[in-house]
Amino acid sequence: MPDRGGGPTGPRIRAGRPSRKVRALLVTLGVLAALGMVFTMFAGFWTDWLWYRSVHYSSVFTTTLSTKIGLFFVFGLLMAAVVGLNIWLAHRLRPPLSAMSMEQQSLDRYRMGIAPYKKWLLLVVTCLVGLIAGASAAGQWRTWLMWVNGVPFHEKDPQFHLDVSFYAFDLPWYRFLLGFGFAATILCLIAAALTHYLYGGLRVTSPGARATAAATGHLSVLLGIFVALKAVAYWLDRYGLAVKSSDFKATDNWTGLRYVDANAYLPAKTILFCIAVICALLFFATLWRRTWQLPVIGFGLMVLSAILIGGLYPAIVQKFQVQPNEQAKEAPYVQKNLKATREAYGIDDTQVTGYNGESKTKDKSTLRGEADDAASIRIIDPNIVSPTFQQRQEMKNYYGFPDNLDVDRYPGKDGKEQDTVIGLRELDLAGVPKHNWINDHFRYTHGFGVVAAKGTEAKGGEPVFTEYDLPSKGDLGSYEQRIYYGEKTTTYSIVGGPQEEIDYSDNDGEKPTRYRGGSGVNLDNPLNRAAYALTFNEPQILYSGAIGKGSRILYNRTPKERVEAVAPWLTIDGDAYPAIVGGRIQWIVDAYTTTNGYPYSSRTTLGDTTADSLTATNDSRAVVAQQNQVNYIRNSVKATVDAYTGEVELYQWDTQDPVLKTWMKAFPDTVQPRSAISDDLMDHLRYPQDLFKVQRELLTRYHVTDAETYLTGSEVWQVPADPTNKSGDAVPPYYLSMKMPDQKQQAFSLSTTFTPNGRDNLAAFMTVDAEAGSKDYGKIRILKLPTRTTVDGPKQVQSKFNSNERIASTIKLLRGGDSDIEYGNLLTVPLDGGLLYVEPVYVRGGGLKLPLLRKVLVTYGNQTEFENTLDEALDKIFGARSPAAKPPGTGTGTPPGTTDPTVKQALQDAQKAFDAGQRALQDGPDWDAYAKAQKQLQDALKQAEKAQSEAGDKTGDKTGGKTDDKNGGTGEKNGGGTGEKDSGENRS
């Protein structure tokens, strides 16, 4: 029998050890697991690089990444080196074992335990502190780039006479270096002390000397470095007083030196600096004296001095010198703060003029024509009519509009620019008929077309659309209508491959398309597909047959996301708005450069300042830079994002801003010069709302220019709460074409109101010229009302509306059934020394809850009217008809059909019905008679419209649908198909 135990006649079996195949399998699995972890970490980096390359901003990625890597390695290695060096030095300076005490001999087992691993332990400790320090330093890439590329402001602070760039660019970097030095010194002290204790250099319980001479010298040098750094901190704190915030005069973020800072803290910091330098020298002297007596005494004196000189002395100065005569003591420093704050926020050229608030004209009928000239009063509220756009122009459930539409300017049929409410028909995946991966990411990929309406007109309570239907047609001409990038497009899409997309649907069925925009990242490469499968946690991207040659993935698709990504050094406005520019839909995004280091300029929190009643109730309008504190802001960049290609363009807007110049040095060739802005784009640029909100918040206190008035607090204003809702949040500013008293014609403006602090009457009215092409762009005008009068503010005007018995009765009738009342924007217009308030009133009724404009509230002086149209309300307010509203059959421009007997009779019937309705409201009111009169009025107007249309056809008038057919359509290459038949939806 052969020896199966492994003798000479048989193989030896080694029990307990895996076979070669098992070991190979385990090694393979381990290698694959390691590669998987590495690839997972690599995927994020790779997809970011691909995205930046696809948008042609790869230099932003490489500059940012190289800066982070450089800071990580420099400061990580530096921290690891100094900590490792001190551990090594402490180990080298250990006393001989024979000299160790009994306490230290008891630590032998610990020393013996780590002896075989001390090199590895040293490596682990140094690597750990190096990684932490490197990661912290990498987060300072903005601070580094601003320091190394900083350009001068050519403005000096009033205390130290240093250029503002020192505070904005240099001081933050010096503070980081100081913090890094403190962290490194403390870690070195801890590591050295532990090493000395472990190897006998320090003793705790043993009698005799507590430390060897070598340990004493080593630790004293480290303590001396720490105290020397504290001396540097005291010196930098002197300059930090210029950008220090404090609670002063009910202002939490008042910034700059006050009397106590200049006369107590500043000399105290200088004295403490000198004491710290002396104390540091005493610590260094222990290298020769080998005793801690003097440095300990010096350190104690430094601590005592910090308490007495740095804390107690300023408190005494404040109590006994400042408080008894605060206004005289603080006035010079407040004046510096006023000047710096107004300059830093761009409000130093604000024009403040007195305004009566009451008209002196006795015959109000003469003001009727002036009311038309004073403003193009917008009765279509873009923050209310989105559901109307949705119901009338959505066309398909998978299209949607934002909750807040935008206001822009477009020429009407007469060639004159008019305020226009505009929105895009964006993709809304919530309305897709059937959700699956193919539908959500391959077939339903984009929105389609612009919808626009006149801001100053309504018909049947609904907007008068100037761009409408699917494909969109109207007054805006031909343009690329497909919208692949928009505010509602928050998920990725894969386009351009084998799978066709749904372009849009009409009566002929669905129309397919393939993306030809060229944006996105190519998925032909298996490596790219694998990386995106990991990034989006979707394995189907790796193996799906719907992805093939030409497939591209689109993501980061909202305008704000794209601009933030290509310019991470900018603060983005909360409201991007669309415009048709050069045959394309372009998202226009305002961007800001900010700093927190402008000396003497008070700080503001952007998130709080830019919040209002719209941002509180609607998610579509974001709050800018939540809780980001700044004390300098400029709208330095105008950015555009192409809705079809996603292309991002950055344009220099403020050519004098040193912060922008600094970033342009750091990221060259990313921002185009202002001269590159086309005339077409310039027509749609406007003053940004968030900057206006920041400025109006500052102007509640900083509209005054003398310190004494500021200190009394008698001229403090507040932004009133929005009276049209119960949120209690600030009233939003409104875009409106209007004319201020010193202007000869209307200008596209952004306006707001102020009330005195704690009161509801009007204190001031503020506007800024928002039209980018005008010479007065950015000019802030404030009409300041006299304090001796009590002109009604927005809340009081709204209260009068609500308390008027006749108006309340009408509103009660409008609320009948399941209808709801919604108040539109309360617009304020200066007119002949008084203020004209206009507020549209919408009714949401029926199952659709469609907001319809039913009434317009108007007040001027002490008179309030509540009528069906704005013209009717103004006619009643001023007791006269508008000169522009000529009676039928008069003037040289007689409308077609007004001489027709049928039209004349219908108009007479309409007037009789209108008069009957007004009498019914005045008598009682008699609601049955009013309803009957309204029905008769509606029938008469329909008859007049029908007769006039027939008369116009007979005279060859080419209007209405013919003009629409001529101007409608966009051409297949532009997303519409010129000459295609209407989709069956009627223009409202």
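The values are calculated or read from the model by the stated rules, or taken from the named source; none is laboratory data. Computed from a predicted structure; not experimentally measured. With ideal geometry, Cβ positions are generated from the backbone for all residues, glycine too; neighbour counts draw on all protein chains shown.
Tabulated data
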quantity: Residue in the range 282-300 that is farthest from the chain's Cα centre (by Cα), counting only those that are surrounded by 14 or more Cβ atoms within 10 Å (Cβ to Cβ) and modelled with pLDDT of 85 or more; calculated: Ala285
quantity: Members of the range 9-29 found to be of a type outside the set (Ser, Thr, Tyr), at pLDDT below 75 and over 59 Å from the mean Cα position of the chain (by Cα), listed by number; calculated: Gly10, Pro11, Arg12, Ile13, Arg14, Ala15, Gly16, Arg17, Pro18
quantity: Residue check, Arg696 closer than 30 Å to Trp141 by Cα and in contact with a strand residue (DSSP E or B) (Cβ under 6 Å, 6 or more places away or on another chain); calculated: no
quantity: Total residues in the range 155-171, condition touching a residue at least 60 places away in the same chain (Cβ under 8 Å) and surrounded by fewer than 20 Cβ atoms within 10 Å (Cβ to Cβ); calculated: 5
quantity: Subset tally (residues that are among the small types (Gly, Ala, Ser), touching a Gly at 6+ places or on another chain (Cβ under 7 Å) and part of a strand (DSSP E or B)) for the range 453-487; calculated: 1
quantity: Residue within the range 424-447 that is closer than 18 Å to Ile580 by Cβ, among the aromatic types (Phe, Trp, Tyr) and touching a residue at least 40 places away in the same chain (Cβ under 8 Å) present; calculated: no
quantity: Residue among Gly400, Gly455 that is touching a strand residue (DSSP E or B) at 6+ places or on another chain (Cβ under 8 Å), crowded, with 24+ Cβ neighbours inside 10 Å and closer than 23 Å to Gly574 by Cα; calculated: Gly455
quantity: Residue, farthest from Phe61 (Cα to Cα), within the range 562-594, restricted to residues that are in a loop (DSSP other than H, G, I, E, B) and in contact with an Asp or Glu (Cβ under 6 Å, 6 or more places away or on another chain); calculated: Gly582
quantity: Selection from the range 221-260 of residues that are in contact (Cβ under 8 Å) with a residue 40 or more places away in the chain, of a type in the set (Gly, Ala, Ser) and more than 30 Å from Thr291 (Cα to Cα); calculated: Gly240, Ala242, Ser245, Ala250, Gly256
quantity: Residue match in the range 142-150 (condition: in contact with a Lys or Arg (Cβ under 8 Å, 6 or more places away or on another chain), closer than 30 Å to Leu257 by Cα and at pLDDT below 95); calculated: no
quantity: Filter result for the condition that a residue is on the phi > 0 side of the Ramachandran plot and not β-branched (Val, Ile, Thr), over Gly357, Gly369; calculated: Gly357
quantity: Condition check for Gly217: closer than 22 Å to Ala285 by Cα, at pLDDT 85 or above and not assigned by TED's automatic domain parsing to the domain that holds Leu162; calculated: yes
quantity: Any hit, the range 451-460, residues being of a type in the set (S, T, N, Q) and touching a residue at least 60 places away in the same chain (Cβ under 8 Å); calculated: yes
quantity: Qualifying positions in the range 226-268 - among the polar types (S, T, N, Q) and at pLDDT below 90; calculated: Ser245, Ser246, Thr251, Asn253
quantity: Residues (polar (S, T, N, Q) and either out of contact with any Ser or Thr (no Cβ under 7 Å at 6 or more places or on another chain) or outside the structural domain of Leu257 (by TED's automatic domain parsing) (or both)) located in the range 304-339; calculated: Ser305, Gln318, Gln321, Gln323, Asn325, Gln327, Gln335
quantity: Condition check for Thr662: modelled with pLDDT of 95 or more, among the β-branched types (Val, Ile, Thr) and part of a helix (DSSP H, G or I); calculated: yes
quantity: Residue satisfying condition, being in contact with a Phe, Trp or Tyr (Cβ under 7 Å, 6 or more places away or on another chain), surrounded by 16 or more Cβ atoms within 10 Å (Cβ to Cβ), at pLDDT 90 or above and in a helix (DSSP H, G or I), within set Leu187, Leu223; calculated: Leu223
quantity: Selected residue (only one of Thr610, Thr605, Thr617 is buried (at least 23 other Cβ atoms within 10 Å of the Cβ), at pLDDT below 95 and farther than 22 Å from Leu145 by Cβ); calculated: Thr610
quantity: Qualifying residue in the range 382-398 (condition: modelled with pLDDT of 90 or more, farther than 28 Å from Ser613 by Cα and of a type in the set (Val, Ile, Thr)); calculated: no
quantity: Failed item, numbered, when Arg425 is tested on (1) under 26 Å from Glu561 (Cα atoms); (2) in contact with a Leu (Cβ under 9 Å, 6 or more places away or on another chain); (3) among the charged types (D, E, K, R); (4) surrounded by fewer than 24 Cβ atoms within 10 Å (Cβ to Cβ); calculated: (4)
